[in-house]
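S.K.: Can you keep this structure in mind? I'll have questions shortly.
Read-outs throughout are calculated quantities, based only on the coordinates presented, and are distinct from any laboratory measurement. These numbers were taken from a predicted model, which means no experiment stands behind them. Please note: Cβ atoms are built from the backbone with ideal geometry, for glycine as well, and neighbour counts cover all protein chains shown.
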Amino acid sequence: MEISELIDNFEFLDSWEDKYRYIIELGEKLPPLADELHTEEWKVKGCQSQVWVVPHRKGTVLSFEGDSDAMIVKGLIAIVLMIYNDKSPEDIKSIAVEDIFAKLGLAEHLSPSRRNGLISMTDKIRYYAQIL
């Protein structure tokens, strides 16, 4: 799914209760992360829930797998992966992710700890874009 489609889907939903359900549905559609990847090496620090993000390089682009032990956070990971998957490191560094989150309304509707976790996820992906 493209980000523009995700934004359209969010705008179509009337209430934040519906949007939270949609976020959870996105998380449920994430492919499962292999048990052996649930390690400290891939864990994202700064998240209240347990979050893992695993990078993969395919030629000139990066893709990511992710997982969480919390349903809503797993949905947020799905959104983050939609934004960053299959992009070059240069593209990843140039994405104005805060603008996308603002269009989705995430900044004002997530708890401070979830917002911090979301920032930690994007920071980790930008870190991978620098080193891979």
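S.K.: Under the classification rounded if a/c is under 1.5, otherwise prolate if a/b is larger than b/c and oblate if not, where does the range 51-107 fall, given a ≥ b ≥ c as square roots of the Cα gyration tensor eigenvalues?
M.R.: It is oblate, given that a/c is not under 1.5 and a/b is not larger than b/c.
S.K.: Still on this structure: Would you mind calculating the gained length between MET1 and ALA107 on full extension (0.36 nm times residue separation, minus the Cα-Cα distance), in nm to one decimal?
M.R.: Net length gain for the segment: 36.0 nm.
S.K.: Hey, another quick one. Taking neighbour Cβ counts within 10 Å as the exposure measure, how do TRP42, TRP52 sort from fewest upward?
M.R.: TRP42, TRP52
S.K.: What order do you get for SER63, SER120 when you list them from fewest to most C-beta neighbours inside 10 Å?
M.R.: SER63, SER120
S.K.: Assuming a ≥ b ≥ c are the square roots of the Cα gyration tensor eigenvalues, decide whether the range 1-77 counts as rounded (a/c under 1.5), prolate (otherwise, with a/b larger than b/c) or oblate.
M.R.: Judged from the Cα gyration tensor, the range 1-77 comes out oblate (a/c at least 1.5, b/c at or above a/b).
S.K.: Could you tell me how many degrees, from 0 to 90 and to the nearest 10, lie between the Cα long axis of helix 16-28 and the main elongation axis, the longest principal axis, of the Cα atoms of the chain?
M.R.: 30 degrees
S.K.: Here's another thing I want to ask about it. To the nearest 500 deg cm²/dmol, what mean residue ellipticity at 222 nm is calculated for the chain from DSSP H runs of n ≥ 4 alone, each contributing -39,500 (n - 2.57), summed and divided by the residues?
M.R.: The helix-only estimate for the chain comes to -17000 deg cm²/dmol at 222 nm.
S.K.: Mind scanning LYS43/LYS124; LYS29/LYS74; LYS45/LYS74; LYS19/LYS43; LYS74/LYS124; LYS43/LYS74 and naming the pairs with a C-alpha gap bigger than 18 Å?
M.R.: Table pairs above 18 Å Cα-Cα are LYS19/LYS43.
S.K.: If one computes P(r) from the Cα atoms of the range 3-131, what percent of pairs lie at distances over 25 Å? Provide the component values of the computation, followed by the final result.
M.R.: Numbers: 1554 of 8256 pairs.
The proportion of pairs with Cα distances above 25 Å equals 19 percent.
S.K.: Something else: How many angstrom separate the Cα center of the range 82-132 from the Cα center of the range 1-64?
M.R.: If you average the Cα positions of each part, the centres end up 11 Å apart.
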